[in-house]
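Student: Shown below is the structure under consideration.
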Amino acid sequence: MTSAAAFRELAKHSLDLAIYAWPISVVLVTLALVALFYGNPLAQAQFRRGLRIILPTYAFPLAMIIVGTLLRYDWIAHPTWTEPPDWHGAVLSGVLILHAIAIITVTLVLKGLRMRSAAIILPGFWLSLSSGFVAGIAIAGVGP
């Protein structure tokens with residue numbers, strides 16, 4: 001399988017997982033939309049400046065898929081399966097930890113907008129979790 005095909009498969013399965021757990025996805029997206037539009041925060045200059053810090057955190061799910069694509073298990077899966085190196089999982093976990101640190105940093109930096117920023121950031125973290133799960137399966141060699 002080519003890297004582009006593996007990337008498409010991982011992205012598809014990541015979104016499938018987020019859709020499969022639709023109650024969580026609906027709650028998080030609803031909270032984000034309420035935080036984004038309730039009380040017209042887009043009219044505040046502070047909030048618009050804060051969006052420049054918030055929106056880049058949505059690149060982390062894409063980074064999880066890229067890591068899963070680059071470190072996927074490409075050998076024959078059965079019967080000669082061998083365990084991939086531990087550092088593959090460490091790299092994937094590192095991206096997830098960096099995303100958590102970015103979320104904490106953004107919510108601490110945006111004084112006065114902490115609840116709104118947290119509500120807007122959480123759907124991206126949910127996508128990182130679902131992407132990380134699928135990427136981990138691909139790295140272990142038992143999935144797409």
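Student: Could you check, for the stretch 79-88, whether at least one of its residues is touching a residue at least 60 places away in the same chain (Cβ under 8 Å), over 12 Å from the mean Cα position of the chain (by Cα) and within 18 Å of residue 142 (Cβ to Cβ)?
Tutor: There is at least one residue in the stretch 79-88 that is touching a residue at least 60 places away in the same chain (Cβ under 8 Å), over 12 Å from the mean Cα position of the chain (by Cα) and within 18 Å of residue 142 (Cβ to Cβ).
Student: Could you look through the stretch 34-49, keep only residues that are under 13 Å from residue 117 (Cβ atoms) and either in contact with a Lys or Arg (Cβ under 8 Å, 6 or more places away or on another chain) or basic (Lys, Arg) (or both), and pick out the one that is modelled with the highest pLDDT?
Tutor: So, considering only residues that are under 13 Å from residue 117 (Cβ atoms) and either in contact with a Lys or Arg (Cβ under 8 Å, 6 or more places away or on another chain) or basic (Lys, Arg) (or both), the one modelled with the highest pLDDT is 35.
Student: State whether the residues of the stretch 45-52 include one that is not in a helix (DSSP H, G or I) and not hydrophobic (A, V, I, L, M, F, W, C).
Tutor: Scanning the stretch 45-52 turns up no residue that is not in a helix (DSSP H, G or I) and not hydrophobic (A, V, I, L, M, F, W, C).
Student: So, one more: From the set of residues in the stretch 119-143 that are buried (at least 20 other Cβ atoms within 10 Å of the Cβ) and in contact with an Asp or Glu (Cβ under 9 Å, 6 or more places away or on another chain), which is nearest to residue 18 (Cα to Cα)?
Tutor: Looking at the filtered set, the residue picked out is 130.
Student: Restricting attention to the stretch 108-118, report how many residues are assigned to a helix (DSSP H, G or I) and surrounded by fewer than 18 Cβ atoms within 10 Å (Cβ to Cβ).
Tutor: Residues in the stretch 108-118 being assigned to a helix (DSSP H, G or I) and surrounded by fewer than 18 Cβ atoms within 10 Å (Cβ to Cβ): 4 in total.
Student: Going through 89, 141, 112 one at a time, which residue ends up being of a type in the set (Gly, Ala, Ser), under 15 Å from residue 6 (Cα atoms) and out of contact with any His (no Cβ under 9 Å at 6 or more places or on another chain)?
Tutor: After applying the criteria, what remains is 141.
Student: Restricting to the stretch 14-44, and then to whatever is part of a helix (DSSP H, G or I) and among the polar types (S, T, N, Q), can you tell me which residue is surrounded by the fewest Cβ atoms within 10 Å (Cβ to Cβ)?
Tutor: It comes out as 30.
Student: Continuing with this model, one more query. Confirm whether residue 103 is among the β-branched types (Val, Ile, Thr), part of a helix (DSSP H, G or I), exposed (fewer than 14 other Cβ atoms within 10 Å of the Cβ) and under 18 Å from the mean Cα position of the chain (by Cα).
Tutor: no
Student: For the subset of the stretch 64-86 comprising residues that are surrounded by 11 or more Cβ atoms within 10 Å (Cβ to Cβ) and hydroxyl-bearing (Ser, Thr, Tyr), which member is modelled with the lowest pLDDT?
Tutor: 73
Student: Any residue at all in the stretch 61-80 that is part of a helix (DSSP H, G or I) and of a type in the set (S, T, N, Q)?
Tutor: yes
Student: When the residues of the stretch 2-14 are narrowed to those that are among the aliphatic types (A, V, I, L, M) and touching a residue at least 12 places away in the same chain (Cβ under 8 Å), which ends up farthest from residue 138 (Cα to Cα)?
Tutor: 11
Student: Next question. Checking the structure you have, find out if any residue of the stretch 92-100 is over 29 Å from residue 141 (Cβ atoms), of a type in the set (S, T, N, Q) and part of a helix (DSSP H, G or I).
Tutor: There is no residue in the stretch 92-100 that is over 29 Å from residue 141 (Cβ atoms), of a type in the set (S, T, N, Q) and part of a helix (DSSP H, G or I).
The values are calculated or read from the model by the stated rules, or taken from the named source; none is laboratory data. Quick caveat, the model's predicted, so the values are computed rather than measured. All Cβ positions, glycine included, derive from the backbone under ideal geometry; neighbour counts span all protein chains shown.
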